[in-house]
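Read the structure below first, then the notes.
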Amino acid sequence: MSAAVPQADSEALFRYVLRLGDLCLVLGQRLGEWVGHAPALEEDLGLANIALDLIGQARMFLSYAGEIEGRGRDEDKLAYLREQGAYFNAILAEQPNGDFGQTIVRQVLIDAFQLELYERLAASRDERLAAIAAKSVKEVRYHLRYSSDWLVRLGDGTAESHARVQSALELLWPYTVELFAADELDSRMADSGIGPRLSEVQSAWSTRIEAILTEATLKRPADRPHAWHGKRGQHSEHLGYILAEMQYLQRTYPDARW
Amino acid sequence: MEDKRQWPLYEVFVRARGGLDHKHVGSLHASDARMAIDHARDLYTRRQEGVSIWVVPSKAIVASDPAETDSLFEPARDKIYRHPTFYDIPDEVKTL
């Protein structure tokens, strides 16, 4: 455990690390739903690889969160035995897969966010978070290559594929606002040099997304105010279903091994 | 005529590590060369199998005709003098 963190802040750090980890875990679980259903065998493996990368990142964050909390909860307990109100992912991650284009749009939006986030988090004063970010940023750079290449193919593809990804973009765009809405916890983490300023992440993200959308011949939707607070544990109706499927086995057969 | 419903086939070659040559490892479908590289990365290097990938459109490969196997390869069978097995190799030479 990082000694640089004063005891009084450990509750805040615990919640912050869960935000980072839960985003990975929920998105990874969502992508996993594609296994066996992707449009081609090659995409099946591509999406599964990304899902597994994300779950690997979630494991590192959740293990660390468990150590910070110091109450004996490990990565598995945190993943499988928390109620949805104790999950702190932004709700963009839990939005349904929709068609392949909608999955790709959600992926581009989050990949670009994680890339800008991790590049900065790698310089965190918290050495453990810096190490996790430095390792994960390489994976995320590939995720964005994969997803943005696809968005360009679909956006600049046929009239049908263009219309589908444009409407997926309209559908999901409002949820991106929450990624960058800095609350007191985000500001505290930035003040203490643990997390990046979300305003900086947002402007870098915005430039990157703009370039991808232009190449994909897609129109950037207007920003609108949002009323979602997944980062505070207030989720859409979708998370409960995801957790029900993910946690079913562990809750039915506690501590099952095979 | 190309069938637009099916992505074209690519052959994949992977270099296991620096200094070795690229080896054929299999094939995959992709809409273009860049996607073929991505798919090859995901399919054939996920267990650290390589450090470099080549992809080649399968239709660009010209193969020998199996019907000509006898005339192409049979004649080499009795030319034992073409093998470098008639030299005395000094004991000190280890890596020949």
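None of the figures in this text is laboratory data; all of them are computed from the coordinates on show. It should be emphasised that the depicted structure is a prediction, and the values quoted were computed from it without experimental measurement. Neighbour counts are summed over all protein chains in view; Cβ atoms, including those assigned to glycine, are modelled from backbone coordinates with ideal geometry.
Filtered by the rule that a residue be over 11 Å from the mean Cα position of the chain (by Cα) and of a type in the set (D, E, K, R), the stretch A:103-118 gives a lone residue, A:Glu116. Evaluating A:Leu78 against the criteria (1) at positive phi; (2) touching a Leu at 6+ places or on another chain (Cβ under 6 Å); (3) not β-branched (Val, Ile, Thr) leaves one unmet condition, (1).
Table: residues versus (1) β-branched (Val, Ile, Thr); (2) assigned to a helix (DSSP H, G or I).
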{"residue": "A:Glu11", "(1), (2)": "no, yes"}
{"residue": "A:Asp22", "(1), (2)": "no, yes"}
{"residue": "A:Gly36", "(1), (2)": "no, no"}
{"residue": "A:Leu47", "(1), (2)": "no, yes"}
{"residue": "A:Ile50", "(1), (2)": "yes, yes"}
{"residue": "A:Pro96", "(1), (2)": "no, no"}
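Only one entry of B:Ser52, B:Ser71, B:Ser58, B:Ser64 meets the criterion of being touching a Lys or Arg at 6+ places or on another chain (Cβ under 9 Å), surrounded by fewer than 16 Cβ atoms within 10 Å (Cβ to Cβ) and among the polar types (S, T, N, Q), and that entry is B:Ser52. Determine whether the stretch A:138-151 contains at least one residue that is more than 14 Å from every other protein chain (Cβ to nearest Cβ) and surrounded by fewer than 21 Cβ atoms within 10 Å (Cβ to Cβ). No, the stretch A:138-151 contains no residue that is more than 14 Å from every other protein chain (Cβ to nearest Cβ) and surrounded by fewer than 21 Cβ atoms within 10 Å (Cβ to Cβ). Do we have any residue at all in the stretch B:25-43 that's out of contact with any helix residue (DSSP H, G or I) (no Cβ under 6 Å at 6 or more places or on another chain), more than 12 Å from chain A (Cβ to nearest Cβ), farther than 30 Å from A:Asp156 by Cα and surrounded by 10 or more Cβ atoms within 10 Å (Cβ to Cβ)? Taking every residue of the stretch B:25-43 in turn, none turns out to be out of contact with any helix residue (DSSP H, G or I) (no Cβ under 6 Å at 6 or more places or on another chain), more than 12 Å from chain A (Cβ to nearest Cβ), farther than 30 Å from A:Asp156 by Cα and surrounded by 10 or more Cβ atoms within 10 Å (Cβ to Cβ). A:Ser161 meets all of the listed conditions (1) farther than 23 Å from A:Leu25 by Cα; (2) surrounded by fewer than 16 Cβ atoms within 10 Å (Cβ to Cβ); (3) of a type in the set (Ser, Thr, Tyr) but one, namely (2). Take the stretch B:1-23 and flag every residue that is of a type outside the set (Gly, Ala, Ser), surrounded by fewer than 12 Cβ atoms within 10 Å (Cβ to Cβ) and more than 10 Å from chain A (Cβ to nearest Cβ). The answer is B:Met1, B:Glu2, B:Asp3, B:Lys4, B:Arg5, B:Arg17, B:Asp21. With respect to the conditions (1) within 20 Å of A:Ala48 (Cα to Cα); (2) within 14 Å of chain A (Cβ to nearest Cβ), B:Gly50 lacks only one, and its number is (2).
Listed by position, the strands (runs of 3 or more DSSP E) inside chain B whose residues that are more than 26 Å from A:Asp149 (Cα to Cα) number at least 1 are B:22-29.
Among residues of the stretch A:27-48 being touching a His at 6+ places or on another chain (Cβ under 9 Å) and more than 13 Å from A:Thr103 (Cβ to Cβ), the one that is surrounded by the most Cβ atoms within 10 Å (Cβ to Cβ) is A:Glu42.
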